[in-house]
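Some notes on the structure that comes next.
Please treat every number below as a calculation from the coordinates, not as lab data. Just so you know, these numbers come straight off a predicted model, no measurement behind them.
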């Protein structure tokens, strides 16, 4: 794990956002053991073989989580916002949301092996 990413998450003002980011970070590292972490464009990015696998984007009222290479994913309807090209899927997690972390792990793992 990259210390810059650890420091970034540790500085988040909202404890619930830090918790969400730490949980997603852990599931990314479990799903993609060879993942590389770095801060890029001011946010934690996760790379596999030099290509984007995922990004976390804390904002004022949510944490966005984007999965790249997501064309083959079939998540539940309405869970993600899709990009125009369909290669990315983004979820906005708010403080009181129930998050299915096991599902997110399965999706990132599937995208990583596609």
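Over the chain, what is the relative contact order in percent, taking alpha-carbon pairs closer than 8 angstrom and at least six residues apart?
24
Once you wrap a convex hull around the alpha carbon atoms of segment 3-113, what is its projected area averaged over all directions, in nm²?
The number I arrive at for segment 3-113 is 6.7 nm².
Jot down the radius of gyration and Dmax of segment 54-114, Cα atoms only, both in angstrom.
Spelled out, the Cα radius of gyration and Dmax of segment 54-114 are 11.2, 33 Å.
At 0.36 nm per residue, and after removing the present C-alpha to C-alpha distance, how many nm does the segment from residue 97 to residue 22 gain when stretched out fully?
Extra length available between residue 97 and residue 22 comes to 25.4 nm.
Counting each DSSP H run of 4 or more residues in the chain as -39500 (n - 2.57), what helix-only mean residue ellipticity at 222 nm follows after dividing by all residues, to the nearest 500 deg cm²/dmol?
-10500 deg cm²/dmol
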